[in-house]
Amino acid sequence: MSSGQLLLLDYVACSESRSADWHGVLGAAKFAGGARNGGTAEHALQGCDLPLAHVSTPVLDDAGAILEVWRTRGRTEPGSHGQVRYGRGEDLLFGSVAVEEAERASGAAADARTPLEIATDRAYRQVYATLAATDFPHLVRVWNYLPEINIESHGLERYRQFNTARHEASLACGRAIAGSVPAASALGAAGGSPLTIYFLASRRAPAFIENPRQVSAYRYPAQYGPRSPAFSRATVLGEGDEATLFISGTASIVGHQTLHAGDPAAQTRETLTNIEALLAQAARRGGMAALGLEALKYKVYVRDPQTLPVIKAELESALGPRATLLFLEADICRRDLAVEIEAAGGGGWRPAA
Ligand code: 3EB
């Protein structure tokens, strides 16, 4: 693998995936095509044993289904543990798990938890069990997709139910709920789809990065829910030229408050300011070379597809025409957020000139 990079990310159209380079692939996530392109697509990972997370948040911009492909150097091998499917290399493991929510039995329920809390608990316990069984102890990056994320049921918004169960399962498994917690994203998904989680884990601990402009999510006050979201603003894996930076889902939040409600363009600019703060902090604290915005690949979650043109225009003016940007339509974990952006990058990830 060129550039000595520990980890590489590519976004590949399903329709072009047969000619892609599958050497060193750990696993992938598939994002459904937009309405006009149909939900399903043929792709090159069909029929092989590598893990593939099926994410139901649709691709915007009239693009067809897209694969997010994670590769490492050297050989990789597939496996499974419980409902978790994984691909592992020497240093890294990619895993994926999907758990259906059960109907809650009517009448007096023996289990006081909601169906989403039970599914979240099951998913996280299996993720942690997989890490223990395979000896990749460090969770570096987690993506969480849950249907109806902003809907209230059983007296609590579903995102908050998810946070409660993630917190409880992590405590029960002896895992951190603050500080040494992975970078993460948590987004909405199509109604009726299972809770879908995919993740990257490592033999070595990453560096955990917070944003000086924001209160750490794991210290959010109780107004955002009974249990704080257990994620770091970013993580850095590896050192120097090999290092990979994972930036969590980032939004127009300063301190712990949403800024620019109702103004998607201003939210996009504030989010980029937060991402620049994380790049600076990763260079100061994460032992990695200073990267610019152009060294990152971006996934942009847009709540209302009608706002795509203004969000896209802001990003293209800040990042230039060659930036790698995948736009997805998704609900975001606060109703007043119109856009959320995650990113990953490394010194060797810059697009060819
Ligand atoms: C925020 O900054 C926006 O619950 O795992 C971003 C990334 C957000 C991850 C999570 C939530 C999560 O609070 C929301």
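So here's what we get for this one:
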item: The one condition in (1) assigned to a strand (DSSP E or B); (2) more than 15 Å from the ligand (Cβ to nearest atom) that Leu187 fails to fulfil; result: (2)
item: The listed residue being closer than 30 Å to Gln223 by Cβ, β-branched (Val, Ile, Thr) and surrounded by fewer than 22 Cβ atoms within 10 Å (Cβ to Cβ), out of Thr164, Thr120; result: Thr164
item: Residue that is surrounded by the fewest Cβ atoms within 10 Å (Cβ to Cβ), among those in the stretch 224-239 that are in contact with a Lys or Arg (Cβ under 7 Å, 6 or more places away or on another chain) and either polar (S, T, N, Q) or part of a strand (DSSP E or B) (or both); result: Ser228
item: Residue among Arg269, Arg166, Arg227, Arg233 that alone is more than 11 Å from the ligand (Cβ to nearest atom) and among the basic types (Lys, Arg); result: Arg269
item: The stretch 240-255, residues that are surrounded by 15 or more Cβ atoms within 10 Å (Cβ to Cβ) and either within 15 Å of the ligand (Cβ to nearest atom) or among the hydrophobic types (A, V, I, L, M, F, W, C) (or both); result: Ala243, Leu245, Phe246, Ile247, Ser248, Gly249, Thr250, Ala251, Ser252, Ile253, Val254
item: Residue, nearest to the chain's Cα centre (by Cα), within the stretch 140-149, restricted to residues that are among the hydrophobic types (A, V, I, L, M, F, W, C) and within 12 Å of the ligand (Cβ to nearest atom); result: Trp143
item: Search result, residues across the stretch 188-221 that are touching a Ser or Thr at 6+ places or on another chain (Cβ under 6 Å) and among the hydrophobic types (A, V, I, L, M, F, W, C); result: Ala189, Ala190, Phe208
item: Of the criteria (1) modelled with pLDDT under 95; (2) assigned to a loop (DSSP other than H, G, I, E, B); (3) not aromatic (Phe, Trp, Tyr), which one Gly174 fails; result: (1)
item: Selection count, the stretch 52-85, where residues are part of a loop (DSSP other than H, G, I, E, B) and farther than 19 Å from Ile197 by Cβ; result: 10
item: Residue count, the stretch 190-223 (criterion: more than 12 Å from the ligand (Cβ to nearest atom) and assigned to a strand (DSSP E or B)); result: 9
item: For Gly155: the one exception among (1) in contact with an Asp or Glu (Cβ under 8 Å, 6 or more places away or on another chain); (2) on the phi > 0 side of the Ramachandran plot; result: (1)
item: Selection status of Ala261, part of a loop (DSSP other than H, G, I, E, B) and either farther than 19 Å from Leu337 by Cβ or within 9 Å of the ligand (Cβ to nearest atom) (or both); result: no
item: Search result, residues across the stretch 130-144 that are outside any helix (DSSP H, G or I) and of a type in the set (Val, Ile, Thr); result: Val140, Val142
item: Matching strands (runs of 3 or more DSSP E) fully within the stretch 283-353 where at least 3 residues are within 18 Å of the chain's Cα centre (by Cα) and within 16 Å of the ligand (Cβ to nearest atom); result: 296-302, 339-346
item: Filter result (aliphatic (A, V, I, L, M) and over 15 Å from the mean Cα position of the chain (by Cα)) within the stretch 150-199; result: Ile151, Leu156, Ala165, Ala169, Leu171, Ala172, Ala176, Ile177, Ala178, Ala190
item: Qualifying residue in the stretch 106-128 (condition: within 22 Å of Val215 (Cα to Cα), touching a Ser or Thr at 6+ places or on another chain (Cβ under 9 Å) and of a type in the set (S, T, N, Q)); result: no
item: Boolean, Val127 is within 16 Å of the ligand (Cβ to nearest atom) and at pLDDT 95 or above; result: yes
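The values are calculated or read from the model by the stated rules, or taken from the named source; none is laboratory data. Worth saying up front: this structure is predicted, and the values here are computed from it rather than measured. Virtual Cβ from ideal backbone geometry, glycine too; neighbours counted across all protein chains shown.
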